Each structure stands twice: as structure tokens, then as C-alpha cells.
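Read-outs throughout are calculated quantities, based only on the coordinates presented, and are distinct from any laboratory measurement. These numbers were taken from a predicted model, which means no experiment stands behind them. With ideal geometry, Cβ positions are generated from the backbone for all residues, glycine too; neighbour counts draw on all protein chains shown.
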Amino acid sequence: MGVLDWFKRGVGEMMVARPDDAKAHVVWKHPDPTIPMKSQLTVESDEVAVFFRDGKIQAVLPPGRHTLDSSNLPFLSNLIDSFTGGNVFIAEVFFVSTREHPGVKFGGRVGHVEDPKSGVPAELLVHGEFAFRVENPERLITGLVGMGRTEPWLVRSWMKEQVLKVIRDRIGELLVKNKWPLLDVTSGAYTEEVEQEVLAGLQQHVQPYGIQIVRLGNFVVGMDEEDAVTLKRLYTDAAYLRTVGGVGAYKEFAAGKALLGAGEGMAEGGGSAGGEAAGGLLGGAGLGVGIGLAQLLVQDHRGGHTLAPAAPGLRCPACQAVVPPGRFCSACGQSLEAPAAEAAAREAFCSGCGSPLAPDARFCGQCGRAREGG
């Protein structure tokens, strides 16, 4: 090794600083624990240097340029290696960034949450960014990072998990307490309230490690696409019911929609021999049958009681009994496939709102519409 090589090595040993390619690391450990006396330690304005010896914190140096000499830094006298004649310090030096670290992306599933407005569960998703800052470098090293050479992604990865965990807990709690409709939450109407709750909840998880999550940015609560379509359709139908019938109990209406789904299945055939007859009934009634089923499940606010749902069926033209759809009457055995049976089936329900009609009724008792053919 030439004189120039020795000179370069000596200069390298005399300078202790974080290299440029490690500037983005939250914590960076100097690779060599042996530091020559009077070395120049450079601490940038957005970091501090933490000295350890035998697993104990010896000192924290603020930003600036420091000459490592026990005469001006007394703590260094505890770090002198006696075997080198007092010319070398033995210490582990960590550089910890104290600036705010923005733009840390996160995202994941919140899980299925019940919509307070309709009682229908929907799967929520969340994604966004957050910014954090190290408030206590010593706690971060001893509590989370450890004394080894840390990976640059470790701190950010751990905080992402904490953010998602708190969001799952707080969103569910807020929906239950405040009864926020899920479509309002996903529209961004309560983003500020959710952010405040999440930030408050995060502190108890990250503060013991000397970290503070400062803010959330581009914070979005989303919903599974199919669940969003279902809720929008449900809200639209419920608003229509309130307009035409004065009924607005959403949970009961949701149960009516479940029956409507079963009715639509029968209208499509259902794979049974009675599919054609059921299709004639429900296909002809259309939306009226669905609204009628929902109305029968919604509380009658004028009477103060709940009406029981009527089972869909056909009126036999021979014995006038209301029987389940099929090819033959389950009461008398006569055929139900004749044109007269279809006419009787259509007359068994109101063509306006789909409500069941009594055999001798001339007008619908629910909407007042005149009975067809009457």
C-alpha cells in the first residue's frame, strides 16, 4: 500500500458522517465502532447522533460539526480504548433523522362493516399516505430498531401495520356510535373526523417507540364495487317508497328486497316445472310485486303494527284457493296452465302496487287503483 493510499485511509477514518446514499434512512448505523481521537463528526441539521457503549446510551449530539476529543466532549473519556494508548474511541454511533417523513403509502382491507342506514354489510377498503417524525431517537433505537444494522424499510413497514390496525378499529367504532351511512363515509363527507380519530388512536401505539404520526394525506375510504352498487340501488328504491307510500323503515325494506330477489328468481324459471307459471305472474307484475313485498314488511306508521308478508301464489280458477305456483292446483288437482288461470293470477294482485287483492275487491286497499277487468 502506497503513501497516498495510507493518506486516503487516514482521511476516511477522521471523518464520521452519514453518506449521501443513506440520507433517506430513518436510522443509519456507522459501520466501524473504532473511531480515532479528534475525528470530525458531522451531524446534519435534520438528524442527531446517538452514541452507545456496551448497550447503554452515552450521549446524543445535536446538529453541527463536532471534534471528537474528550477535552471538549467529556463523555468520550468513558469510550477511550486503553489498548491503543488513548488514541481510539470504541462506540456504536447511530444517525437518526428528526425531520418529518411524508408520503408513506399504505392501503388494505378494513373488512365487512354493517351499514347503519340499511343494515346491509359491505366490505370497506382504505388507502392513503401518512407523515411521521421521530421525537425520541433513543426510544426508537432501544425499543424498535435494536442495536444491529437496521434495514431502511423496517420502521416504515411497522408503522403501516399500526395505521391499518387503528383504522379498522376506529372506523367500525365511529359507524356504530354516529350511525354514519356507508355511502356518506366513502364519499368523503367524514374524512376529517375519521382522520382525527385515527391520529388520536395511533399515538398510544407509536409513542412508546419515540415516533409521532403527524398527519394523514390523500386518505380515502372506499367500498367494494358490487357492495356499492347494491347499497345505491337499495337507497334509491327506499326513497321511491317514501315518496309514493310514506314508508321509510330501511331495515324492513332491506328484508323486502331479499324477498324480491327470491321472486325474481322464480320469475326466471327457477329450474322447476312451475317456472313458466311463476314467470307469468312475477314477470307481468314487474316492479309492482317488488314494491308490494317491501310494503308488506315495512311498519304501518298509522296503525303502529307490522304487517306479515303474504306468500306469492296463484288462485285456482276451479276452487278459488290460493295455491303455490305449479302446473296443477294442490287443493283440487285442476290444471293451472289454462288462460283463465293466468287471468285469475293477474287479478289476484294490484297492477299498480302489487298488493294482494281479495276475490271480490273492486279497488286496491293499498293504493286505491281500480281492479283491472272489474
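Assorted remarks:
- Positive-end ranking of Val220, Val126, Val206 along the dipole of segment 100-223, with charges on Cβ about the Cα centre, is headed by Val206.
- 26 Å Cα-Cα threshold exceeded, pairs from Lys23/Lys105; Lys29/Lys56; Lys179/Lys232; Lys105/Lys165; Lys105/Lys177: Lys105/Lys177
- For segment 105-205, dividing the convex hull volume of the Cα atoms by the residue count gives 99 Å³ per residue.
- Highest mean first, the peptides 88-96, 218-226 sorted by other C-beta atoms within 10 Å per residue fall in the order 88-96, 218-226.
- Using θ = phi - 60° and Karplus 6.51 cos²θ - 1.76 cosθ + 1.60, couplings along segment 72-79 (whole Hz; Gly, Pro as x): 10, 10, x, 4, 5, 4, 7, 10
- P(r) tail fraction, segment 3-97 - alpha-carbon pairs more than 22 Å apart, %: 25
- Distance between the C-alpha centres of segment 171-238 and segment 44-113: 38 Å, rounded to the whole angstrom.
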